[in-house]
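The values are calculated or read from the model by the stated rules, or taken from the named source; none is laboratory data. Source: prediction; values computed, not measured. With ideal geometry, Cβ positions are generated from the backbone for all residues, glycine too; neighbour counts draw on all protein chains shown. Note: accessible area is taken over every heavy atom of the protein model, side chains too, but ligands, DNA and RNA are not part of it. Shrake-Rupley method; radii C 1.70, N 1.55, O 1.52, S 1.80 Å.
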Amino acid sequence: SLVENYHAKTILEVGCGTGHWLTKLNNPDITLYGADLSYCMLNQAESRAKHLHLVQTNAEILPFATNQFDLVYCVNAVHHFGDPRKFLTEAYSKLKPGGVLAIIGRDPYRNNDHWYVYEYFDHVYKNDLARFIPWKLLTEWMDTSGFQKTRVFPVGRIVATKIGTDVFEDPYLQKNATSQLILLSNADYLGGIKNIRVALEEAEVQGQDLVFPVELTLELIFGLK
């Protein structure tokens, strides 16, 4: 892992939310910091692990010392940042020489993913294209921010395809489960559910099992200071 390969002892997660990923790095030899704009989420993170050093702030203003961290990372968060390019500059300044920035997430601009939510819910894919930054552009920004050896590589593949009415057992189909569905109006969300039901009815008439694909790639952008 990056923590082991680069002997990271001081680590910052930006957009840490409830501390899910930070708690997985629990090690008495590592000092863990988390930054998030949501006070409520930080409260949950603190309740999970008292040893975390948590700060309420946005990603563009990181109130830490210059050259403080061995590793700065974010998971499925960079598209929520108001100014991702400024975040890259901030992260660079807070990393020690030889430190690492790791950005983990999805790039909806790539054509190797399949997610039924894009097909059945109006505006979701269009919204993601507006919110997400193409990985290619993000790596270019990292290069201009001073990072070296910038590269992208896959770190995981989510495959959870549903068949027929099993789709309604998908926890990520709930309105508040993903930012994609949260952003929809109630009317658009219910319209998507209706689209699924209609498609299932048509498939039943034709004696077919309707497939709802979930095939998503998680990638990591790596940059070295």
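Here are some notes:
- Amide H contacts under 5 Å for Leu210: Gly164, restricted to partners 5 or more places along the chain or on a different chain, H placed in the peptide plane at 1.01 Å from N.
- Segment 3-69 - convex hull of the alpha-carbon atoms, volume per residue in Å³: 81
- Vicinal HN-Hα couplings computed from phi for segment 120-137 (Karplus, 6.51 cos²θ - 1.76 cosθ + 1.60; Hz; Gly/Pro x): 9, 10, 4, 6, 5, 5, 4, 4, 5, 5, 6, 8, 7, 9, x, 4, 4, 5
- Under-5 Å amide H pairs with Asn76, H placed in peptide plane, nonlocal only: Ile104, Gly105
- 5 angstrom amide H check on Thr57, placed H, neighbours 5+ away: Asp36, Leu37
- For the chain, the solvent-accessible area with a 1.4 angstrom probe is 52 square angstrom per residue.
- Computed with a 1.4 Å probe on the full set of protein chains, the accessible area for Val3 sits at about 30 Å².
- Which labelled figure in (1) 18.2; (2) 19.1; (3) 17.4 is Kirkwood radius over Cα pairs in Å, once derived from the coordinates: (2)
- Take every pair of alpha-carbon atoms less than 8 Å apart whose residues are at least six positions apart; their mean separation over the length of the chain yields a relative contact order of 21 percent.
- The phi-based Karplus calculation (6.51 cos²θ - 1.76 cosθ + 1.60; θ = phi - 60°) puts the 3J(HN,Hα) values of segment 106-111 at 10, 10, x, 6, 6, 9 Hz, whole numbers, x for Gly and Pro.
- Antiparallel bridge percentage (DSSP; both residues within the chain; nearest 5): 50
- Largest to smallest accessible area among Asp36, Asp29 [probe 1.4 Å]: Asp29, Asp36
- In the chain, the longest principal axis of the Cα atoms and the axis of helix 39-48 are about 80 degrees apart.
- Using the Stokes-Einstein relation with a Kirkwood hydrodynamic radius computed over Cα pairs, the translational diffusion coefficient of segment 50-157 at 10 °C and a viscosity of 1.306 mPa s comes to 103 µm²/s.
- Its residue count N sets the reference 2.2 N^0.38 Å, and the alpha-carbon radius of gyration of segment 101-202 equals 1.30 times that reference.
- Student exercise, segment 1-143 dipole from Lys, Arg, Asp, Glu Cβ charges, in Debye to nearest 20: 200
- The long axis of helix 186-205 is offset from the longest Cα principal axis of the chain by roughly 50 degrees.
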